[in-house]
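Accompanying notes for the structure given below.
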There are 2 protein chains.
Amino acid sequence: MKYGFGVDLGGTTVKLAYFDTEGTLLDKWEIPTVTERGGEQILPDIARSIENYLSAHRIAKEDILGIGIGVPGPVDRKGNVNRCVNLGWGIFNVENALSKLTGFPVKAGNDANVAALGECWKGSGQGYTDMIMVTLGTGVGGGIIIGGNIVCGARGSAGEIGNMIINREETQVHTSGNRGCVEQYCSATGVVRLAKRYLAASDTPSALRQQDTITCKAVFDAAAAGDGAANAILEQFYALLGEFLANICTAFDPEAVIIGGGVSKAGCVMIDGFYPHFLKHVFHASKDVSFKLAALGNDAGAYGAFYLAVQAFC
Amino acid sequence: MKYGFGVDLGGTTVKLAYFDTEGTLLDKWEIPTVTERGGEQILPDIARSIENYLSAHRIAKEDILGIGIGVPGPVDRKGNVNRCVNLGWGIFNVENALSKLTGFPVKAGNDANVAALGECWKGSGQGYTDMIMVTLGTGVGGGIIIGGNIVCGARGSAGEIGNMIINREETQVHTSGNRGCVEQYCSATGVVRLAKRYLAASDTPSALRQQDTITCKAVFDAAAAGDGAANAILEQFYALLGEFLANICTAFDPEAVIIGGGVSKAGCVMIDGFYPHFLKHVFHASKDVSFKLAALGNDAGAYGAFYLAVQAFC
């Protein structure tokens, strides 16, 4: 049996995990992401943390298969990153750079794509070879798995489905600079935006009006308690989410769609909410797509990152 | 050098072509598609036509690598077709069936996907490994190529991008039973529908009002001659097509999109028309997608079908 590391590199922390090649997560820890000076310290910090772990646990370098890393930006098939804005990074080959620092072979991928691969390997996507993961968090992320492999695209930005346009009539500009993209409606912040808009445009009484700050969770809680306005707001969310999921399933015809991220904590009620809208719009041949909630939470990225190394070096 | 056949099976005719494995189209011909009695005669007719060709040209069976076939319906990775409505077919393995009839190995794919593979092999998509073909004809077809291979999906219906929803406000029901899908706007019949709607809703004088039957070509011709209404109609078409193409490029991040079908005969003026709308909506990392007109016309299906056999048996 060999072992290795899965690294999930985020804008504020780096999650590291130690695995065996069968996919048992044996240990995990975090270090801060130091983004000063163009993020030049990030990879040396990761290399040092891995080296410290190996020596502290007296693990022989020969037992290590390699390292996988997920990074918050486009990564192409060859491991070239193309500006990770959150990290201050420019354009370079992250696989070669981390490999040089550690002496181990390295495979890299985009963080959302790698999380999808993690769910496919050891989470809710186990047993599927064609699946899509949609992460409904502060933003909307996505990862596409076909034949068991990440679809990374020509420039490493495939799966950016949160940036697909779903409402060309939108007047408000999103932080991405676009108008009417999925992320403006189907993220946690999107649900809050829909709620504020609905409450401003109507006089319907609602428990939400008593809140100082409306959160996504508050909207789901109020809806569950029978609040009419909250249910009307969620119905807008479900209609848009169902149509969006229908469109990606019509294009890809996957076996399953895995839903993760903070919004998915609402649970099966959310799937029940968007499913009729999905069915209404999806191409008839793809009606049997399974919808599942993600299982690995914040560990999905580390699992998927290490599985990149397993796929490449095993 | 080996040889083989590419078969493009349509609802009214079967196009057959004889190739060498380098992709030289050496000969081509057609036979009618006999759809009576559940289309049971179709594969025997194809087998007989191939056998006749071999004996008429004294070609040894040992020189034949195999046969590829594109069929008008979903085909999964293993060659199972799932109801080709136009042919009267149910559910069976078309690869096994045609192989039994001919004695040659057979690979099958969906016709639109196979045409995309043909353009990738020997048409405008040469040199690309990640590309999407969009066929704007009577309907809107699509094929997705990733890593040089067709994406066929879990049920063989990936690439059905003409069935993606682009306008949830649409009131008219499409022949597919859906409302607001791409095909309702971006096909030749879609352009005619947009034209009739525009002319009915406005008093703008237009040369199109003098025509007994408005065709897609007539709209493009009138626009080129400076007709204001025709240009306004095409602007609606371009806005929807550009947004749709932006969405699929945001999801897949391809190197190139190849545009084929009757509408693409309008030529580069069409690409110039939708391109600003594409740029407005696409995710920034995928802005450099190349757009090209298809090169192989009606032969794309036969090329792609035979290339399926080359990929599988060479």
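The values are calculated or read from the model by the stated rules, or taken from the named source; none is laboratory data. Everything quoted here is computed from the prediction, not taken from an experiment. When we count neighbours, we look across all protein chains shown, and the Cβ atoms used for this are built from the backbone with ideal geometry, even at glycine.
I'd like to know if the range B:294-305 contains one or more residues that are among the charged types (D, E, K, R), closer than 29 Å to A:N167 by Cα and either surrounded by fewer than 22 Cβ atoms within 10 Å (Cβ to Cβ) or within 11 Å of chain A (Cβ to nearest Cβ) (or both).
no
Please verify whether B:A256 is under 25 Å from B:I69 (Cα atoms) and either over 18 Å from the mean Cα position of the chain (by Cα) or not assigned by TED's automatic domain parsing to the domain that holds B:D203 (or both), treating the condition exactly as stated.
no
Filter the range A:54-88 for residues that are assigned to a loop (DSSP other than H, G, I, E, B), within 19 Å of A:T35 (Cα to Cα) and without any contact (Cβ under 8 Å) to a residue 24 or more places away in the chain and give the result. Lay out the reasoning, then the answer.
Initial filter on the range A:54-88 (assigned to a loop (DSSP other than H, G, I, E, B)): A:57-60, A:72-74, A:76-79, A:83-84, A:88.
Now drop any that are not within 19 Å of A:T35 (Cα to Cα), which leaves A:72-74, A:83-84, A:88.
A:R83 - this is the single residue of the range A:54-88 that is assigned to a loop (DSSP other than H, G, I, E, B), within 19 Å of A:T35 (Cα to Cα) and without any contact (Cβ under 8 Å) to a residue 24 or more places away in the chain.
Picking from B:D27, B:D45, B:D76, which residue would you name as being under 15 Å from B:F306 (Cα atoms) and among the acidic types (D, E)?
Result: B:D27 is the single residue among B:D27, B:D45, B:D76 that is under 15 Å from B:F306 (Cα atoms) and among the acidic types (D, E).
Looking at (1) out of contact with any strand residue (DSSP E or B) (no Cβ under 8 Å at 6 or more places or on another chain); (2) buried (at least 18 other Cβ atoms within 10 Å of the Cβ); (3) away from chain A (no Cβ under 14 Å), find the lone condition where B:A239 falls short.
That leaves (3) as the condition not met.
Quick one: count up the residues across the range A:18-29 that are in a strand (DSSP E or B), loosely packed, with under 15 Cβ neighbours inside 10 Å and acidic (D, E).
Qualifying residue count for the region: 1.
Could you grab me the full set of residues in the range B:128-167 that are without any contact (Cβ under 8 Å) to a residue 24 or more places away in the chain and more than 8 Å from every other protein chain (Cβ to nearest Cβ)?
Passing the criteria: only B:G147.
Here are A:L208, A:L199, A:L194: which of them is more than 14 Å from chain B (Cβ to nearest Cβ) and closer than 30 Å to B:F237 by Cα? Reasoning before the result, please.
Values: A:L208 fails: closer than 30 Å to B:F237 by Cα; A:L199 fails: closer than 30 Å to B:F237 by Cα.
Exactly one residue qualifies, and that residue is A:L194.
Looking at the range B:266-288 only, could you name the residues that are crowded, with 23+ Cβ neighbours inside 10 Å and part of a loop (DSSP other than H, G, I, E, B)?
Those that are crowded, with 23+ Cβ neighbours inside 10 Å and part of a loop (DSSP other than H, G, I, E, B): B:V282, B:F283.
Take the range B:168-191 and flag every residue that is surrounded by 15 or more Cβ atoms within 10 Å (Cβ to Cβ), within 13 Å of another protein chain (Cβ to nearest Cβ) and in a loop (DSSP other than H, G, I, E, B).
Passing the criteria: B:R168, B:E170, B:H174, B:S176, B:N178, B:R179, B:G180, B:V182.
For the range B:1-34, give me the residue count where each residue is within 21 Å of the chain's Cα centre (by Cα) and touching a residue at least 40 places away in the same chain (Cβ under 8 Å).
15
Identify, please: which residue in the range A:89-109 is outside any helix (DSSP H, G or I) and without any contact (Cβ under 8 Å) to a residue 40 or more places away in the chain and is, among those, surrounded by the most Cβ atoms within 10 Å (Cβ to Cβ)?
Result: A:N93.
So B:G125 clears everything in (1) over 18 Å from B:A302 (Cα atoms); (2) away from chain A (no Cβ under 11 Å); (3) part of a loop (DSSP other than H, G, I, E, B) except one condition, right? Which one?
(1) is the only condition that B:G125 fails.
When residues of the range A:257-278 are filtered for being over 17 Å from A:A112 (Cβ atoms) and not basic (K, R), how many remain?
So the answer is 13.
Is it true that A:R155 is among the basic types (K, R) and more than 30 Å from B:D76 (Cα to Cα)?
Taking the combined requirement at face value, the residue does not satisfy it.
Go through (1) crowded, with 23+ Cβ neighbours inside 10 Å; (2) assigned to a strand (DSSP E or B) one by one and return the number of the condition B:V219 breaks.
Condition (2) is where B:V219 drops out.
Could you tell me which residue of the range B:236-265 is nearest to B:Y198 (Cα to Cα), considering only residues that are in a helix (DSSP H, G or I) and touching a Cys at 6+ places or on another chain (Cβ under 8 Å)?
Step by step, filter the range B:236-265, then rank; the result is B:F237.
With the structure loaded, tell me whether A:L308 is more than 23 Å from the chain's Cα centre (by Cα), among the hydrophobic types (A, V, I, L, M, F, W, C), away from chain B (no Cβ under 14 Å) and in a helix (DSSP H, G or I) or whether it fails that test.
Working: more than 23 Å from the chain's Cα centre (by Cα): no; among the hydrophobic types (A, V, I, L, M, F, W, C): yes; away from chain B (no Cβ under 14 Å): yes; in a helix (DSSP H, G or I): yes.
Taking the combined requirement at face value, the residue does not satisfy it.
Can you say whether A:C268 is at pLDDT below 95 and away from chain B (no Cβ under 11 Å), as far as the supplied structure shows?
When the stated conditions are applied, A:C268 passes them.
Here are B:Y238, B:Y275: which of them is under 16 Å from B:N167 (Cα atoms) and within 22 Å of the chain's Cα centre (by Cα)?
On inspection, the qualifying residue turns out to be B:Y238.
Taking the options A:A17, A:A108, name whichever one is touching a helix residue (DSSP H, G or I) at 6+ places or on another chain (Cβ under 7 Å) and farther than 30 Å from B:K287 by Cβ.
That would be A:A17, the only listed residue that is touching a helix residue (DSSP H, G or I) at 6+ places or on another chain (Cβ under 7 Å) and farther than 30 Å from B:K287 by Cβ.
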